[in-house]
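K.L.:
Here you go, one structure.
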Amino acid sequence: MKSRTKVVVIGGGIAGCSTLYHLTQEGWTDVVLVERNELTSGTTWHSAAQVTNFGMNQTMVGLKSHSIRLYKELADDPEYPINYHHGDGGIRLANTEGQMQGYHHFASMARGMDVHFEVIDADECARRHPLISTDNLIGGLWDPLDGDIDPAQLCQALARRARKAGAEVYRNTPVTGLVQHGDDTWTVQTEHGDIDCDIVVNACGYRVNEVGAMMGVHHPVSSMEHQYFLTEEISAIRDAGHRMPLLRCPISDYYCRQEKNGLLLGFYEQDCKTWGMDGIDPNFVNALCPDDLDRVTDVLEGAFARMPALMEAGIHTVVNGPITYTIDGAPLVGPIPGKRNAFCIIGLRAGLGEGGGHGWLLAQQIVHGEACYDTWCLDPRRFTGHANVELTALKAIEDYQNEFRFHFPHEHRPAGRLAKTTPLTPVQASEGAEFTVVNGWERVDYIKPSPDFTPTHSFGFDETFDVVAAEVRNVQTGVGLAEVNGFNRIEITGADRHAFLDRVFCGPVTRREARVGLGYLLNHHGMVKAEATVANLPASDRGLARVWYGSAAASEFHDMDWLRQNMQGDEDVHLRSLTNDQTILVLAGPKARLVLSACARGDWSAEVFPWLNVRECFVGIAPATVMNLSFSGELAYEIHVPNASLYAAYLALRQAGEAHGMRLFGARAVETMRMEKSFLHWKADLITEFDPFETGLDRFVRLNKGDFVGRAALLKRQSDGPRKKLVSLQILSKSGPANPGASLMQGDQVVGTITSGEWGHRTGLNLAHAFVDPAFSGIGHEMELDSCGQRVRATVIPACPYDPEFARMKA
Ligand SMILES: Cc1cc2nc3c(=O)[nH]c(=O)nc-3n(C[C@H](O)[C@H](O)[C@H](O)COP(=O)(O)OP(=O)(O)OC[C@H]3O[C@@H](n4cnc5c(N)ncnc54)[C@H](O)[C@@H]3O)c2cc1C
């Protein structure tokens, strides 16, 4: 066994084997994998091992495509062929128009990744799968490349290729401890000795938190029991003359694929069970949970009704094994929050199909610092302090119960709600607020017109359209108040704070006291990493001179890690998170100044306190820090208040607002107004796949200001020219917004992808942002949006269609 290596991957299931193999493909061959038993002795050994292209966003589709390409290549390798039923095809069934609409959207989104799904009607489903009845069926989504693979052979093939490239695999070698040293390197302690290394990777499946505990972290992953059975031979399958396509059924919650001349049927029962919550028997190796088919009777009835041939088939094997889930159902693949040189590839619930792609993206992150796709949807830092195992278990149960029922836009399911609240949450609930969830925070979405108001979930416009329009009208013509909780805030102190910020931002960072600025941070490839406001607070009785770095609610762990990584040892810079201590109240509209003046002393006139100024004050009796900033495009003040005083500030503002007809507004109204200003959203429009020039942020870049993170790479990128351009679009449709991920077409050619879309109530325009081929980025260029299967005209328009002079927000 080596005593020193570059990377130790812990765990020899699909996650670990794929990571090891892909590290060698990225050029790192001094790497090892350590497995406590034999390879594939965790969940991988008993997987149903279906391999589909279907994903909820382009990153997921892209990584699944990689798996399929790789598995096909492995299957065709004459030196070590493996069993892979590639291209049996698969159908996701639908019995509601909403599901069909969603499938049309996912087909449009996948086309941008060169993946071609087909939406088919019920008769066509039955033609392609001769065992199914069309009762209570509208149609389905066809994935032509769906199939299944032998999981043990797959892992052995990956390990074999990795070994050939120089990697080593140590079986029957349990990891017993992890020690990190002052230089951020690690010692991995095993039953057979220590291995020193630069980087560790946790790929331990359902034992993720045993290994997490060795490095003092807790991962939001929990396991569910999951069952399938295999039938005896079915004559109709034997005689069909072709393999049966796979089925996934959101109506009755099962999946089904051919196994020999019978079927494999897996269940997602409502009466489901978590597993291993109180610890896992160390001897649970190549093991299963006891069968419990009574739990799945309801699901089974649905499957019998759809496939009557099942009724004549005997069951010959039942498999019940643990499967891991996270809070939002997607795995955790990337850097471990708060740790250096530590990565994970955990929480895989469809790991056989996805594992090839996850290992590929993780290896890229380890070797290059970033992957070819934006990996935020997989980033372990996307959850923050609220992400504990109890919350994960609640969400896992909910997710399992809805396995094949995708989320609609704006849909937030009920499990695990109220994870993060402020003193205003119950107050606003009593005032009729409907809440959305942002990184665990309950944030007001809109104010319901009546207590029983329940909009239909849809990819089109729904009943909230007029509700949001009224909130926007009130902000545009009078004044509105909104709570924006969970906004990430890092306090930066120390004599070198400005020099530090100059180095991590790609543009000018204001050093003037009492001023606020907006800026962008790049990664080392010159791509957009983060967006933040920087507020310079002078020394006062509330603290030393300091900077408040403010960014999107979910970015807390991500941005803190990035800032810490880019600090230099001898710099006088100190970072402190205030995210959970302060909340923002946004006062917006032409009458905002009148309301603020009525409850906070001082001169708030545009001359004395203009746009981009910040000042400490009291709102009523509440200490507050007020910034003249606007995300709505109207005159607006961000009023930052410590949570202990939030209710007092709220009452003072409500009282002062009464005379001016002030009303509450929510996140939906903010979303439509920011679209009309062409303001961008982090991880929607601002992603690591594009540089700031491609993203239209030229005015925020100063290449001549001296060195900054990402500058060298950006200069090179600039000389290569843009691959895509972010544009504003007008969509000629009144039936629905341009949904993120949807494809823009010129004939049969995909020329762009939507990143955000919403109706602009002040402009009366259906607006979108999209990355398009540079040849299509000129003002007036026309293309077609594939909007849930309908082609609608999309035209490039100048950015900022509402008040392009910014006169209203500077008023
Ligand atoms: C019944 C069932 C059906 C499924 N069907 C499908 C399907 O059709 N398609 C699909 O894509 N997915 C399916 N899955 C899910 C899929 O099998 C898993 O997502 C995948 O196998 C997880 O792989 P993994 O490598 O993350 O974990 P595992 O396979 O559990 O591997 C983790 C490894 O880490 C090792 N390890 C743990 N602790 C230590 C330690 N201290 N030191 C060293 N090594 C350690 C373990 O021994 C184990 O080998 C199914 C799962 C189940 C239960």
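The values are calculated or read from the model by the stated rules, or taken from the named source; none is laboratory data. If you're wondering where the values come from, they're calculated on a predicted model, not measured in any experiment. In this analysis, Cβ positions are derived from the backbone assuming ideal geometry, glycine residues included, and neighbour counts consider all displayed protein chains.
K.L.:
Going by what's in this entry, would residue 38 be described as away from the ligand (no atom under 15 Å from the Cβ), assigned to a loop (DSSP other than H, G, I, E, B) and acidic (Asp, Glu)?
P.N.:
No; evaluated as a whole, the condition is false for this residue.
K.L.:
Right, another one. State yes or no: is residue 24 within 30 Å of residue 254 (Cα to Cα) and either surrounded by 22 or more Cβ atoms within 10 Å (Cβ to Cβ) or more than 9 Å from the ligand (Cβ to nearest atom) (or both)?
P.N.:
So residue 24 does not fit the description; no.
K.L.:
Let me ask another. I need a count of the residues in region 280-306 that are small (Gly, Ala, Ser) and closer than 20 Å to residue 209 by Cβ.
P.N.:
1
K.L.:
Just the residues that are of a type in the set (Asp, Glu) and surrounded by 23 or more Cβ atoms within 10 Å (Cβ to Cβ), please, taken from region 244-266.
P.N.:
253
K.L.:
May I pose another question? Out of the strands (runs of 3 or more DSSP E) lying entirely within region 429-485, which hold 2 or more residues that are surrounded by fewer than 23 Cβ atoms within 10 Å (Cβ to Cβ) and of a type outside the set (A, V, I, L, M, F, W, C)?
P.N.:
Where strands (runs of 3 or more DSSP E) fall fully within region 429-485 and carry at least 2 residues being surrounded by fewer than 23 Cβ atoms within 10 Å (Cβ to Cβ) and of a type outside the set (A, V, I, L, M, F, W, C), they are 433-438.
K.L.:
Right, here's the next one. Residue under question is residue 271, and the condition is that it be under 29 Å from the mean Cα position of the chain (by Cα), more than 16 Å from the ligand (Cβ to nearest atom) and not hydroxyl-bearing (Ser, Thr, Tyr); does it hold?
P.N.:
Considered against the rule, which asks whether it is under 29 Å from the mean Cα position of the chain (by Cα), more than 16 Å from the ligand (Cβ to nearest atom) and not hydroxyl-bearing (Ser, Thr, Tyr), residue 271 comes out as yes.
K.L.:
Test residue 72 against the criterion of being at pLDDT 95 or above, closer than 25 Å to residue 128 by Cβ and buried (at least 20 other Cβ atoms within 10 Å of the Cβ), and give yes or no.
P.N.:
When the stated conditions are applied, residue 72 does not pass them.
K.L.:
Only one of (1) over 26 Å from the mean Cα position of the chain (by Cα); (2) surrounded by 22 or more Cβ atoms within 10 Å (Cβ to Cβ); (3) within 14 Å of the ligand (Cβ to nearest atom) is not met by residue 13, so which one is it?
P.N.:
(1)
K.L.:
Restricting to region 413-428, and then to whatever is surrounded by 15 or more Cβ atoms within 10 Å (Cβ to Cβ) and touching a Ser or Thr at 6+ places or on another chain (Cβ under 8 Å), can you tell me which residue is farthest from residue 394 (Cα to Cα)?
P.N.:
The extreme case among them is 424.
K.L.:
Looking at 299, 318, can you tell me which residue is of a type in the set (A, V, I, L, M), at pLDDT 95 or above and more than 33 Å from the chain's Cα centre (by Cα)?
P.N.:
Answer to the check: 318.
K.L.:
Conditions first: (1) closer than 30 Å to residue 511 by Cβ; (2) in contact (Cβ under 8 Å) with a residue 60 or more places away in the chain; (3) in contact with a Pro (Cβ under 8 Å, 6 or more places away or on another chain). Residue 645 passes all but one, so which condition is the exception?
P.N.:
Single failed check for residue 645: (2).
K.L.:
Farther than 30 Å from residue 6 by Cβ and in contact with a Leu (Cβ under 9 Å, 6 or more places away or on another chain): is that true of residue 425 in this structure?
P.N.:
yes
K.L.:
Report yes if residue 390 is out of contact with any strand residue (DSSP E or B) (no Cβ under 7 Å at 6 or more places or on another chain), assigned to a helix (DSSP H, G or I) and free of Cβ contacts under 8 Å to residues at least 12 places away in the same chain, otherwise no.
P.N.:
Considered against the rule, which asks whether it is out of contact with any strand residue (DSSP E or B) (no Cβ under 7 Å at 6 or more places or on another chain), assigned to a helix (DSSP H, G or I) and free of Cβ contacts under 8 Å to residues at least 12 places away in the same chain, residue 390 comes out as yes.
K.L.:
If a residue counts only when it is over 30 Å from residue 97 (Cβ atoms) and at pLDDT 95 or above, which strands (runs of 3 or more DSSP E) contained entirely in region 218-284 have at least 3 such residues?
P.N.:
222-231
K.L.:
Are any of the residues in region 286-304 in contact with a helix residue (DSSP H, G or I) (Cβ under 7 Å, 6 or more places away or on another chain) and either more than 26 Å from residue 36 (Cβ to Cβ) or of a type in the set (Asp, Glu) (or both)?
P.N.:
Yes: region 286-304 contains one or more residues that are in contact with a helix residue (DSSP H, G or I) (Cβ under 7 Å, 6 or more places away or on another chain) and either more than 26 Å from residue 36 (Cβ to Cβ) or of a type in the set (Asp, Glu) (or both).
K.L.:
Could you list all residues from region 44-66 that are near the ligand (Cβ under 9 Å from one of its atoms) and not in a loop (DSSP other than H, G, I, E, B)?
P.N.:
Those that are near the ligand (Cβ under 9 Å from one of its atoms) and not in a loop (DSSP other than H, G, I, E, B): 44, 45, 46, 50, 51.
K.L.:
Could you run through region 767-800 and say how many residues are over 15 Å from residue 726 (Cα atoms) and in contact with a Leu (Cβ under 9 Å, 6 or more places away or on another chain)?
P.N.:
6
K.L.:
Which residue out of 385, 440 is of a type in the set (Gly, Ala, Ser), under 18 Å from the mean Cα position of the chain (by Cα), over 30 Å from residue 93 (Cα atoms) and modelled with pLDDT of 95 or more?
P.N.:
440
K.L.:
Okay, next question. Which condition does residue 29 not pass, out of (1) of a type in the set (Val, Ile, Thr); (2) in contact with a helix residue (DSSP H, G or I) (Cβ under 8 Å, 6 or more places away or on another chain); (3) within 7 Å of the ligand (Cβ to nearest atom); (4) more than 30 Å from residue 317 (Cβ to Cβ), if it passes all the others?
P.N.:
(3)
K.L.:
I would also like to ask the following. What pairs come up if the first residue lies in region 335-355 and is under 20 Å from residue 67 (Cα atoms), the second is within 6 Å of the ligand (Cβ to nearest atom) and of a type in the set (Val, Ile, Thr), and their beta carbons are under 6 Å apart, counting only those six or more places apart or on different chains?
P.N.:
Once the first residue is under 20 Å from residue 67 (Cα atoms) and sits in region 335-355, its partners that are within 6 Å of the ligand (Cβ to nearest atom) and of a type in the set (Val, Ile, Thr) give 349/323; 351/14; 352/14; 355/14.
K.L.:
Sticking with this one: Looking at region 701-732 only, could you name the residues that are surrounded by fewer than 21 Cβ atoms within 10 Å (Cβ to Cβ) and either β-branched (Val, Ile, Thr) or part of a loop (DSSP other than H, G, I, E, B) (or both)?
P.N.:
702, 703, 704, 705, 706, 707, 709, 721, 722, 723, 724, 732
K.L.:
Mind telling me which of the residues 225, 312, 269, 232 ends up being buried (at least 21 other Cβ atoms within 10 Å of the Cβ) and over 26 Å from residue 144 (Cα atoms)?
P.N.:
269
K.L.:
A further question follows. Could you list, ordered by first residue, the pairs with Cβ atoms under 6 Å in which the first is in region 31-60 and on the phi > 0 side of the Ramachandran plot and the second is of a type in the set (Val, Ile, Thr) and more than 6 Å from the ligand (Cβ to nearest atom), at least 6 apart or interchain?
P.N.:
49/149
K.L.:
I would also like to ask the following. In a loop (DSSP other than H, G, I, E, B), modelled with pLDDT of 95 or more and under 38 Å from the mean Cα position of the chain (by Cα), is that true of residue 605?
P.N.:
Taking the combined requirement at face value, the residue does not satisfy it.
K.L.:
Select the strands (runs of 3 or more DSSP E) contained entirely in region 132-183, then report the ones holding at least 3 residues which are of a type in the set (A, V, I, L, M, F, W, C), at pLDDT 95 or above and more than 14 Å from the ligand (Cβ to nearest atom).
P.N.:
Answer list for region 132-183: none.
K.L.:
Out of curiosity, is residue 19 under 24 Å from residue 256 (Cβ atoms) and within 14 Å of the ligand (Cβ to nearest atom)?
P.N.:
For residue 19, the condition - under 24 Å from residue 256 (Cβ atoms) and within 14 Å of the ligand (Cβ to nearest atom) - is not met.
K.L.:
Hey, another quick one. Test of understanding: among 212, 216, 241, which residue is surrounded by fewer than 20 Cβ atoms within 10 Å (Cβ to Cβ), more than 10 Å from the ligand (Cβ to nearest atom) and under 30 Å from residue 188 (Cβ atoms)?
P.N.:
Just a single option satisfies the conditions, and that option is 216.
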